[in-house]
Amino acid sequence: MKALVLEEKGKLALREFELPATLGPRDVRIKTHTVGICGSDVHYYTHGKIGHFVVNEPMVLGHEASGTVVACGDAVTDLKPGDRVCMEPGIPDPDSRASKLGIYNVDPAVRFWATPPVHGCLTPEVIHPAAFTYKLPDNVSFAEGAMVEPFAIGMQAALRAKIQPGDIAVVTGAGPIGMMVALAALAGGCARVIVADLAQPKLDIIGAYDGIETVNIRHESLTDAVAAATDGWGADLVFECSGAAPAILGMHEFARPGGAIVLVGMPVDPVPVDIVGLQARELRLETVFRYANVYDRAIALIASGKVDLKPLISASLPFEDSIAGFDRAVEARDSDVKLQIVMPQ
């Protein structure tokens, strides 16, 4: 079957590509419907690597997906053909120490779609463990189902932050993940969220949500905005979602004494951190790597209507236009939030 294949850095092809097709007893076969284009997919396309994950041979892209179950293994009891589902793309070793502790996202043996050397899901059909396949409620569309994966990162950040009702939060970085974090923080109990970035089109999109204020740091002072919102005390929580060295170096300046900083954005290279700045306010520092045990909660929030991700979908493109979609993701990164690929049905 055809797949979108990253042949090498800067070269994509839409071509026949055979993936392993054995349906195990605890697996489901899924007809893929919608796949989001993630920043990591784009980074592999433009750079050929992310940290120590290097594309050394052709790899199928895509990991934010929804679809329809078409077949089930003999041991699968909670899904059936015809079920509309979304898929959690990381598959850990169920017997690992990390999995037994419930932190399977940091299992060294985890196999994550479209992370070298593991192939992704931009192909008409995939086989996936039923344990990491989630039924979509009737009022959640395939497009929203494909947004559960990035929203799960926001959910993980909100849980790591240990939000208290009424907290005021700052999010540095208004990319797709920064937006997901802001919405998850609101859903988790924050009274106000201040989102800062340089890209005004993205700030306009996230600023349309109730409870979110925006600051364009090209023209405005984030320090002044936080001081005005907190009577000079500082934000209870700071979510760093940009991965930019200047933001990381100065992140402590926006937090109140005894507050918390959650590192979500991933710098390409090592960056400096002001340890004394953190210590002087006795700030709690948390880190996020993907997510664990949040997919069901993310789906429930979307189904309830308390979190509306539809305004973040910038465009849907047919599978045959996948390469053009990736080129658009590179060129329009300051204005588009989420581009999605719709597979042939």
* Among the residues of segment 201-240, write down those that are closer than 22 Å to ARG333 by Cα, out of contact with any strand residue (DSSP E or B) (no Cβ under 6 Å at 6 or more places or on another chain) and not in a helix (DSSP H, G or I). => ALA208, TYR209, ASN216, ARG218, HIS219, GLU220
* Go through segment 189-221 and give me each residue that's closer than 25 Å to SER314 by Cβ, of a type in the set (A, V, I, L, M, F, W, C) and open to solvent by 30 Å² or more (accessible area, probe 1.4 Å). => LEU198, ILE205, ALA208, ILE217
* Structure fact -> When segment 222-234 is checked residue by residue, the ones that are open to solvent by 50 Å² or more (accessible area, probe 1.4 Å) and at negative phi are THR223, ASP224, ALA228, TRP233
* With respect to VAL69, is the statement that it is in contact with a Phe, Trp or Tyr (Cβ under 6 Å, 6 or more places away or on another chain), surrounded by 12 or more Cβ atoms within 10 Å (Cβ to Cβ) and aliphatic (A, V, I, L, M) true? -> no
* **Residue count, segment 37-67 (criterion: at pLDDT 95 or above and closer than 30 Å to SER141 by Cα)** => 15
* Structure fact -> Counting only residues that are at negative phi and in a loop (DSSP other than H, G, I, E, B), segment 292-311 contains a total of 6
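Being of a type in the set (A, V, I, L, M, F, W, C), open to solvent by less than 60 Å² (accessible area, probe 1.4 Å) and in a loop (DSSP other than H, G, I, E, B) is the filter here; which residues of segment 9-32 pass it? Show your work before the answer.
Quick first cut of segment 9-32, residues of a type in the set (A, V, I, L, M, F, W, C) only: 12-14, 17, 19, 21, 23, 28, 30.
Next, only the ones that are open to solvent by less than 60 Å² (accessible area, probe 1.4 Å) stay: 12-14, 17, 19, 23, 28, 30.
Hits for segment 9-32 are PHE17, LEU19, LEU23.
Do you know which of the residues in segment 60-80 that are part of a loop (DSSP other than H, G, I, E, B) and free of Cβ contacts under 8 Å to residues at least 40 places away in the same chain is nearest to ARG29 (Cα to Cα)?
LYS80
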* Structure fact -> Those residues of segment 252-284 which are surrounded by 14 or more Cβ atoms within 10 Å (Cβ to Cβ) and in a strand (DSSP E or B) amount to ALA255, ARG256, GLY259, ALA260, ILE261, VAL262, LEU263, ARG284
* Asked: Which members of segment 121-144 meet the condition of being open to solvent by less than 30 Å² (accessible area, probe 1.4 Å) and within 15 Å of LEU19 (Cα to Cα)?
  -> CYS121, LEU122, THR123, VAL126, HIS128
* To do: Among the residues of segment 154-188, write down those that are surrounded by fewer than 24 Cβ atoms within 10 Å (Cβ to Cβ) and farther than 26 Å from THR223 by Cβ.
  => LEU159, ALA187
* Structure fact -> Over segment 228-254, the set of residues in contact (Cβ under 8 Å) with a residue 24 or more places away in the chain, among the small types (Gly, Ala, Ser) and farther than 27 Å from GLY51 by Cβ is ALA229, GLY234, ALA235
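Only one of VAL118, VAL110 is modelled with pLDDT of 95 or more, within 21 Å of TYR44 (Cα to Cα) and surrounded by fewer than 18 Cβ atoms within 10 Å (Cβ to Cβ). Can you tell me which? I'd like the intermediate steps shown before the answer.
Working: VAL110 fails: surrounded by fewer than 18 Cβ atoms within 10 Å (Cβ to Cβ).
The match here is VAL118.
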* Asked: Just to be sure, is VAL35 among the β-branched types (Val, Ile, Thr), part of a loop (DSSP other than H, G, I, E, B) and open to solvent by less than 40 Å² (accessible area, probe 1.4 Å)?
  -> no
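The values are calculated or read from the model by the stated rules, or taken from the named source; none is laboratory data. Everything quoted here is computed from the prediction, not taken from an experiment. Neighbour counts are summed over all protein chains in view; Cβ atoms, including those assigned to glycine, are modelled from backbone coordinates with ideal geometry. Remember, those area values only see protein heavy atoms, side chains included, never the ligands or the DNA or RNA. Shrake-Rupley method; radii C 1.70, N 1.55, O 1.52, S 1.80 Å.
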